[in-house]
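Report on the structure given below.
Just so you know, all these numbers are worked out from the coordinates, no wet-lab data involved. Because the structure is predicted, anything quoted here is derived from the model rather than measured. Note that each Cβ is placed from the backbone with ideal geometry, even for glycine, and that neighbours are counted across all protein chains shown.
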Amino acid sequence: MKRIGVLTSGGDSPGMNAAVRAVVRKGIYHGLEVAGVYQGYQGLIEGKIKDLEAGDVGDIIQRGGTKLYSARCPEFKTDAGQEKAIEQMKKHGLEGLVVIGGDGSYQGAMALTRKGFPCVGVPGTIDNDIPGTDYTIGFDTALNTVIEAIDKIRDTATSHERTFIIEVMGRDAGDLALWAGLAGGAETILIPEESYDLDEIVDRLKKGKARGKRHSIIIVAEGVMSGNELATLIEEKAGIETRVSVLGHIQRGGSPTARDRVLGSLFGARAVEVLLEGEGGKAIGMRNHLVVDYDMTKAFTEEHDADMTLYTLSKELSI
Ligand code: ADP
């Protein structure tokens, strides 16, 4: 293998740039030429492909977002779209591709691999929802953003003796809500993986108030319901007024934490090694603090498990 490409696809996440930088520099270190594909699979179809030198990925390790830009590309889900992408890869002499993204992006990468173009997946998403890896690039930064917000909201909640509902990202996975809830000392956490009991939520609020708590924090993952819907349910059920804060896209941005930079660097570098070993169709991940590679199909055929010990502990600690 002499020449490889790298792209970022799907939802962006802080630390993707560290992964891009690692792919480019690790590739060059091993004597490869590395090209950046701009705007994900859309750019691959359109041939937005440019050689990257070591210096081209300088000064990005500390930046959020992705220097290569990202896109969603419905056309790439079609056979015709994938054929166009392959034509471009041939034209630009690419023999392998590192795809940094979520499980949707992995499906695209697997389609190319099956058509004879080896791809390796690097998990980049703030949701931490990719089966086969304990952590994804961007989760730690998003988590710290949420924590910062909770801490600030807690100040005003305490001053005014209020109950706050904080809606965080997570359509199918509750990791962000779970970790943020435990780290932020929330009274109640609502995640898609676990059914909720409105009576219990109200009961906890009342008990907290009875023992003199000046504030309550409820974290709800967007996949369960919106913060406003929950506020209405609590109001209707118990007449308790709450304030809602929807964190939204600030959770996606910001300078990556040291941890996400390190993960991005480790994963990006390992992806190049796996391509050099001639192994397409693999995903990179971390299990039990070790960098691993595994069959990419696992990432979109199996379920991601949230760490329910965090859920239980959070309940125990917020009595
Ligand atoms: P993420 O990678 O963050 O999960 P998406 O699910 O939006 O984000 O996927 C990103 C892109 O990957 C899509 O816009 C599409 O181009 C490609 N993709 C997603 N699913 C498939 C699929 N089943 N087959 C081929 N390509 C896919």
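List of remarks:
- Axis angle, to the nearest 10 degrees, between helix 198-210 and the longest C-alpha principal axis of the chain: 60 degrees.
- Calculated [222 nm] ellipticity per residue, helices only, for the chain: -13000 deg cm²/dmol; basis is -39500 (n - 2.57) per DSSP H run with n ≥ 4, divided by all residues, nearest 500.
- Amide hydrogen proximity for residue 137: with H placed 1.01 Å from N in the peptide plane, the residues at 5 or more positions away or on another chain lying under 5 Å are 124, 125.
- Ranked list, fewest to most other Cβ atoms within 10 Å of each Cβ, for 308, 89: 308, 89
- Less than 5 angstrom separates the built amide H of residue 168 from those of 220, 221, 222, all sequence-distant by 5 or more or on a different chain.
- Computed over the chain with a Gaussian network model linking Cα atoms closer than 10 Å, the most mobile of 17, 144, 288 is 288.
- The 3J(HN,Hα) values that the Karplus relation (6.51, -1.76, 1.60; θ = phi - 60°) gives for the range 307-312 are, in residue order, 7, 6, 5, 5, 5, 5 Hz. Gly and Pro appear as x.
- Net charge of Cβ neighbours under 13 Å - reference residue 146; Lys, Arg +1; Asp, Glu -1: -4
- Note that the range 110-124 has calculated 3J(HN,Hα) couplings of 5, 4, 5, 4, 5, 8, x, 10, x, 10, 10, x, 10, x, x Hz, one per residue in order, obtained from phi through the Karplus relation 6.51 cos²θ - 1.76 cosθ + 1.60 (θ = phi - 60°); glycine and proline are x.
- Listed residues 197, 151, 56, most fluctuating in the chain (Gaussian network, C-alpha, under 10 Å): 197
- Proximal lysine pairs, the range 49-172, alpha carbons under 15 Å, eight or more residues apart or interchain: 6
- Look at the alpha carbon pairs under 8 Å that are at least 6 residues apart: their mean separation over the length of the chain gives a relative contact order of 24 percent.
- Among 304, 283, 210 the positive-end extreme of the charge dipole of the chain (Cβ point charges): 283
- In sequence order, calculated HN-Hα J values of the range 151-162 (Karplus, 6.51, -1.76, 1.60; Hz; x Gly/Pro): 4, 5, 5, 4, 4, 6, 4, 5, 4, 10, 6, 10
- Close amide H pairs (under 5 Å, H built 1.01 Å from N) link residue 216 with 162, 163, 164, residues at least 5 positions away or on another chain.
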